[in-house]
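What follows is a set of notes on a single structure, which appears directly below.
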Amino acid sequence: MRELLLHAEKFADIVVDLPTQRPAVFRQVLLPLVVDALGCPKDAEAWMDMFRAGAFSPEQRQVLADYLDKHQHLFGLLDPVEPFGQVADLRTAKGETKGSALLVATAATGNNVPLFSSRTEGDVLELTPAEAARWLLHTHCWDTAAIKTGAVGDPMVKFGKTTGNPTGPLGQLGVTMPVGSTLFETLLLNIPYGQAGLSDDVPQWQRRSTQGEVKDTLSCATPAWQSRPARGLLEAWTWQARRIRLISQDTDRGPRITRVLVAAGDRLEVSPDTEPHTAWVVDSPAGRRGKGPARSAVKSARPRRHTAGRAGWRGLDALLAVNAVDQDQQATATRSGAVSSQLVRQLSAISRRLPSRYPLRVELTGIAYGNQSAVIEDMYFDEIPLPVAALDPEGIVYGALLEVVDQAESLAKAVNHLSGDLRRAAGSEPIPWDKGQRPGDTLLHALDPIVRRLLAGLRQAGDDFDRCEQGLEAWEHKAEQATLRVAEGLFNSAPAALFTGRRVKKDGKEQVFRLSTAEASFRRRLAVILHRRAAARTAG
C-alpha cells in the first residue's frame, strides 16, 4: 500500500480477480486510509486544487507515510494477535473450520455452486496471502445471507448458528464508482469534499478493543456484533459485516490459506447520509402508505440496485438525477423518483471546472442473489464513458443523453409492438413481457455499441451545439439501420397468411391485423422516435 498510495499518480488502476473486488479494495482499505490520514477536502476549491495537482503533494505524502508507519502493526494479515479484518481467536464450540472456498464467490461451496465450475467443494483451494486478502475484503462487502456458523463469545448464537444475516453491505446497493485516468484521480473522485470528520468515526483497524461491551466499544475484534447505522464515512467504508478468521499452513511455496471460519458480523442500516456509492430510489407518497408514521425525505430513500443483464447506459436517467436538493421533488404522487449518488452529484456541482474532454468513466457493480440471498446467481459489472458535460443538468449533452436513452427504449417498444401485431395477424398472442426473449431485447443489444460510441464521442463535443447535433444525427442513422435489421427479420419470418390478416378484438374493439397495417404503424412510430431522420427526409 505504501508504494501504491505514495505514487498513486503513476498507476492507472489496480488489477483484481473479479470486478466486485475493486470497490471492496477501495472502500475497505485505500479510500479510508487516505481520508483517515488526510481528511476530506474542506470544500470544492480544495478538491479542485488537489485534482489539478494530479498527485499528492510532498507534505501529503509525508503525512501518509507517517500514518502507515504508525498503524503498520494493524495491517498484518496473519498476525496472531491483531490480524487485519479478522478476529484472532475466533472459533466454534467444536473447533470446526471450512475450506477457503467459502470466501471465493466463484468457487463451489455449500449451496453456492457456480455453473460450469471445474472444482467441487471437496477440492482443497490454496490461497496466497494476497489472494486471501482480496477475498477477505470481498466477503465483508458481498457475502451471501442466511445462516452463518456460530462463534464462541457471540451472545446471539442459537444451536451453534446465527440466522437472519443479511448480505454484505454492497450486496444491498447498486455500486456506482467514478473512475479517472490514474489511481490518484480515482481516489479523489471517490472522496466527498466538505465533509467534516467525526471524532467517533474511525476505520475498522482502529476499532479493535477486546475488552468491554460491543455496544460501548463498537469493536469488531470480538465475536460479538450489533445492528446499527454507521457513525460516518470511514465506518461505512470499512464495515465488518462478518467475523472472520483465516487459517494458514506453511508450504514449500510459503504460507497458504486453506481453511477459514466465517461467522455473523455487524448488520448495517444503510443511510444516504453516510453511503456515497449508490443511487437512490425515492418512494412516492403512495408507496409509503402502510409503512408506519410519516417519514422524512431521507428516510424515504432506498438504494437503487442494478438490474442483471441490463446495460448501464439504460439507467442514465437515474445516474444523472443530480438535482436532489429536496428528494421528494424527484417523486410524483404515484411514481417513485431517483436521486444520483453523492459522488456523482458532487461531480455535477463542479463539472464546469473540470476539463471538458476529461476521460471520466463510471463503473457499475452489483450481485444478484437467489434462494433467500443465500447463493450468488449473477454478478453485474459495466463501465460506461461519461462526458463531463453530461453532469451539467442545464447543458446540451445532459439533455441529449437522456433523449438517446429514451429513443433506444422507444425503439425497442416499437419493435415489440410490431412483433405483437404480426403475431396477432397470424392468430397467436404477443410474447409476454416477462417470458422469453422479445425482439426489442435483441435490438437493445444491437444498439449497445452504438450508444457507447456516442458517449465516447460526446466527450469531445463539450458544449458545442453543432457537434452535439452531429453526434445525435449519426446516432439516429445507426439506430435506424439496427432497428430496420431487426424488423426485417420479423417480416422475413412472416407467413403468407399475414397479407390477408385476421380480425381480432383488442381493448374491446375489433381490429384487422395484417402485414401492411403492422408495417405502416411501425414506420409511423419510427418517424416519431427518430425525428431528426424524419425531418431530413422531409427536407430532402
Cut-off 14 Å between beta-carbons: net charge of the residues surrounding residue 232, Lys and Arg +1, Asp and Glu -1: -3
Going toward the positive end of the dipole of the chain, with +1 on Lys and Arg Cβ and -1 on Asp and Glu Cβ, which of 447, 527, 479 do you reach last? 527
With +1 on each Lys and Arg Cβ and -1 on each Asp and Glu Cβ, how big is the dipole of the chain about its Cα centre, in debye rounded to the nearest 20? 1980
Calc'd 3J(HN,Hα), the range 240-257, phi into Karplus 6.51 cos²θ - 1.76 cosθ + 1.60 (θ = phi - 60°), Hz, glycine/Pro = x, comes to 9, 6, 9, 9, 10, 9, 8, 10, 10, 9, 7, 10, 5, 9, x, x, 9, 8
Sorted by chain and then number, the residues having a modelled amide H within less than 5 Å of the amide H of residue 304, at least 5 places away or on another chain, are 174, 279, 280, 281
The ³J(HN,Hα) series, computed from each phi in the range 76-83 with the Karplus coefficients 6.51, -1.76 and 1.60 at θ = phi - 60°, rounded to the nearest Hz and given as x for glycine or proline, is x, 5, 10, 4, x, 9, 10, x
How big is the range 83-236 by the Kirkwood estimate over distinct Cα pairs, in Å? 18.1
Over 25 Å between Cα atoms: which of 70/215; 158/215; 413/435; 435/478 fall into that group? 70/215; 435/478
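When you count, for each residue, the other Cβ atoms within 10 Å and take the mean per peptide, how do 202-211, 83-92 rank with the highest first? Mind showing how you got there, number by number?
On the way: 202-211: 16.8, 83-92: 19.7.
Highest mean packing first, the order is 83-92, 202-211.
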Residue 380 long-range amide H proximity, modeled H, under 5 Å: 366, 367, 368
On a C-alpha basis, how far is the centre of the range 235-264 from the centre of the range 155-234 in Å? Whole number, if you could? 17
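How would you rank 38, 234, 455, going from fewest to most other Cβ atoms within 10 Å of each one's own Cβ?
38, 455, 234
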Pull up the DSSP beta bridges for the chain and report the antiparallel fraction as a percent, rounded to 5. 95
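Computed from the coordinates by the stated procedures, all read-outs in this text should not be read as laboratory data. Remember, it's a predicted structure, so these values are computed and weren't measured experimentally. Virtual Cβ from ideal backbone geometry, glycine too; neighbours counted across all protein chains shown.
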